[in-house]
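Everything below concerns the one structure shown next.
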Amino acid sequence: MRMPRFSMLGLALAAGAVDALSFLALGQVFTANMTGNVVLLGLALGYGRTAHVMASGLAFAGFCAGLAAGFLLVGRGAGGGAARGPAAALGLELVLLAGIAVGWWAVQVPRPVLVAASAVAMGLQSAVTRWAGGSGLSTTYVTGTVTGLAGQVVALWRPGRDGGKGGGIGRPLGVVLALAVGAVVAALALRLYEPAAPLIAPVAVAVAAGWWAWSARRGR
């Protein structure tokens, strides 16, 4: 079943919040946006910053592990009518994000553990949205989404030549805006009331997953 628009927006908001937290409070590393993280890894290698190399490398490895686990879960449960595999992947993501929130308040949790857990969670989310989000859409990065959005805008302006197959701009535009809103909200929370900052992502994922489950039940 294709993911509802509201669920996509919730997951995008969560990814924006996670990236803001990881960059601003976990050592200037991205755990959702791997394009930016690979660039940071290259910069750290060029400048010889060992700590940043380790953080970016850990985030990349964790994201890949999350992707692998997510695709395994999606492939194993996708035929289960209500998409039990994607639901399991989102459930595992929610557990990880909730654990990060607990670890945020427990100062004895090492920062690399939080980075790794955050990256795994975002890898799981990326696998689910790749399966159910629709062509060209992702909730963890915007380069491909913006590219698809530009193509759809052009298709709307040139319906005669392109066949009018733009597919609508509301969904990809909403994802881009939600990602930015998540980053803004998390950054504000870090400034104004830090204990609330790690709660943004798990709440957004819980709402998104719940809305998807309710939509699937209503559709049947």
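The values are calculated or read from the model by the stated rules, or taken from the named source; none is laboratory data. Everything numeric here is computed off the predicted structure, so don't read it as measured data. Here the Cβ positions follow ideal geometry from the backbone for every residue, glycine too, while neighbour counts run over all protein chains shown.
Screening PHE60 with (1) surrounded by fewer than 24 Cβ atoms within 10 Å (Cβ to Cβ); (2) touching a Leu at 6+ places or on another chain (Cβ under 9 Å); (3) touching a residue at least 24 places away in the same chain (Cβ under 8 Å); (4) over 24 Å from VAL95 (Cβ atoms) gives one miss only, at (4).
When THR50, THR31 are screened for being hydroxyl-bearing (Ser, Thr, Tyr), under 13 Å from LEU114 (Cα atoms) and either crowded, with 16+ Cβ neighbours inside 10 Å or more than 13 Å from the chain's Cα centre (by Cα) (or both), only THR31 passes. Any residue at all in the stretch 63-78 that is charged (D, E, K, R) and touching a helix residue (DSSP H, G or I) at 6+ places or on another chain (Cβ under 6 Å)? Yes.
Filter the stretch 131-157 for residues that are under 29 Å from VAL53 (Cβ atoms) and touching a helix residue (DSSP H, G or I) at 6+ places or on another chain (Cβ under 8 Å); which is modelled with the lowest pLDDT? Before you say what the answer is, go through the steps one by one.
Filtering the stretch 131-157 for residues under 29 Å from VAL53 (Cβ atoms) gives 138-146.
So of that shortlist, the ones also touching a helix residue (DSSP H, G or I) at 6+ places or on another chain (Cβ under 8 Å) come out as 138-143, 145-146.
Numbers: SER138: 81, THR139: 86, THR140: 84, TYR141: 79, VAL142: 77, THR143: 72, THR145: 69, VAL146: 73.
In this case the residue turns out to be THR145.
On the stretch given as the stretch 54-86, residues that are modelled with pLDDT under 90 and aliphatic (A, V, I, L, M) total 4.
Scanning for something in contact (Cβ under 8 Å) with a residue 24 or more places away in the chain and assigned to a loop (DSSP other than H, G, I, E, B), does the stretch 35-49 turn up at least one residue? There is no residue in the stretch 35-49 that is in contact (Cβ under 8 Å) with a residue 24 or more places away in the chain and assigned to a loop (DSSP other than H, G, I, E, B).
In the stretch 171-194, the residues that are at positive phi never reach a residue that is in a helix (DSSP H, G or I) and of a type in the set (D, E, K, R) with C-beta atoms less than 6 angstrom apart, at least six apart or across chains.
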